[in-house]
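Encoded as structure tokens, the structure appears first; notes follow it.
The values are calculated or read from the model by the stated rules, or taken from the named source; none is laboratory data. Just so we're clear, the structure is a prediction, and the values are computed from it rather than from any experiment. No Cβ is skipped: glycine too gets one built from the backbone with ideal geometry, and neighbour counts run over all protein chains shown. Surface areas here come from the heavy atoms of the whole protein model, side chains and all, with no ligands, DNA or RNA. Shrake-Rupley method; radii C 1.70, N 1.55, O 1.52, S 1.80 Å.
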Amino acid sequence: MDHLLTESIQKSHLSEGALIAFVPHTTAGITINENADPAVKHDLLISLERKIPFSEGYTHIEGNSAAHIKTTLVGSSVLVPVSGGRLQLGTWQSVFFAEFDGPRRRSLWVTTLSGQPD
Amino acid sequence: MDHLLTESIQKSHLSEGALIAFVPHTTAGITINENADPAVKHDLLISLERKIPFSEGYTHIEGNSAAHIKTTLVGSSVLVPVSGGRLQLGTWQSVFFAEFDGPRRRSLWVTTLSGQPD
Amino acid sequence: MDHLLTESIQKSHLSEGALIAFVPHTTAGITINENADPAVKHDLLISLERKIPFSEGYTHIEGNSAAHIKTTLVGSSVLVPVSGGRLQLGTWQSVFFAEFDGPRRRSLWVTTLSGQPD
């Protein structure tokens, strides 16, 4: 989804600062990780599933507590530096929307903050 | 604690941007999750306790390493978008202070950053 | 690394707001935790290693999936409030670069955002 964030920065005319990508849901998160080999994303999802199994004596009546727990561990927002009007990610980094209870129609809220690089 | 954050925004007169809620402790964190069913919070705390048991051969002499580890996994701050002078949370989202070594008297530091929505 | 972040704030002349310390890698993260007793850092690394073992049937061909997973759990950035031109950390807090696949030469990107305290 990096190109969507890039479009948001272009629209905002932000030159220096940071972008917040915020997920307004409680069973999906957002993270930054490697995009070159799709196996990284696969290993991450499988590992989270092993550590936080779907059924583990939860009390939440909807039955999707595992998705809520993963969301807190992964986080509901990422902050990405912006410099020279461009998203600043490392060579191997991409932003990933992390769906833990889908498929569902989801939203992502973007806010730009002006600042200065080091 | 959403109403406390809302009061901070009102006091700050921030219209567009984001709020940082920062926990200045090392055995308590902060997260965003569902507030409608209190069982979600309960399941989250129980799951963290299962994954990161209080006693597991830690070396930290105070004996509360589990609380420190949970703090790093959950995080010490949340960022919430602000628009139209109001905290922007999803329908089911609330901000939760996550006490892992209490009860204790705790602080929360709020900073507002001006920015613009997408 | 708190003194490096303090230097960045001095260079930026930021008085009120926040600092983002962003790790542009996918096998290293950054976190805030206790610095008084080095055993806390040790217990954190050992616990992460136990929960996310180096070998666990991953598919990523480079073999360092555990480091990628830890990075997502710990996070790629921290946000620290700045007030009175100084980094605002709690009494026991320090910022830690979290190397999960080293030793390697690494970078850290710092951005300062102007804002106001509560």
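What to note about this one:
- For C:N35, label point 7 Å along C-beta direction: distances to other copies, nm: 3.4, 3.4
- Once A binds C, the 1.4 Å probe can no longer reach about 2600 Å² of accessible area, counting both sides.
- GNM on chain A, alpha-carbon springs under 10 angstrom: the most fluctuating residue among A:I61, A:I69, A:I46 is A:I61.
- Of the solvent-accessible surface of the protein assembly as shown, computed with a 1.4 Å probe and all protein chains present, 53% belongs to carbon and sulfur.
- Average projection, convex hull of the Cα set of the protein assembly as shown: 16.7 square nanometres.
- Rounded to whole numbers, the Karplus 3J(HN,Hα) couplings from phi for segment B:83-95 are 8, x, x, 10, 4, 10, 10, x, 3, 9, 8, 9, 8 Hz, using 6.51 cos²θ - 1.76 cosθ + 1.60 with θ = phi - 60°, and x at Gly and Pro.
- Pairs over the 29 Å Cα-Cα cut-off, from the set A:K41/B:K70; B:K41/C:K51; A:K11/B:K41; A:K11/B:K70; A:K11/A:K51; A:K41/C:K41: A:K11/B:K41; A:K11/B:K70; A:K11/A:K51.
- From most to least packed by mean Cβ count within 10 Å, the peptides B:16-22, C:7-13 give B:16-22, C:7-13.
- Stokes-Einstein translational diffusion, segment C:2-114 - Kirkwood Rh over all Cα pairs, 1.002 mPa s, 20 °C, in µm²/s: 141 µm²/s
- In this structure, the amide hydrogen of A:G115, modeled 1.01 Å from its nitrogen in the peptide plane, lies closer than 5 angstrom to those of A:E16, A:G17, A:A18, counting only residues at least 5 positions away or on a different chain.
- The residues of segment B:2-114 have, on average, 42 Å² of accessible surface per residue, using a 1.4 Å probe with all protein chains present.
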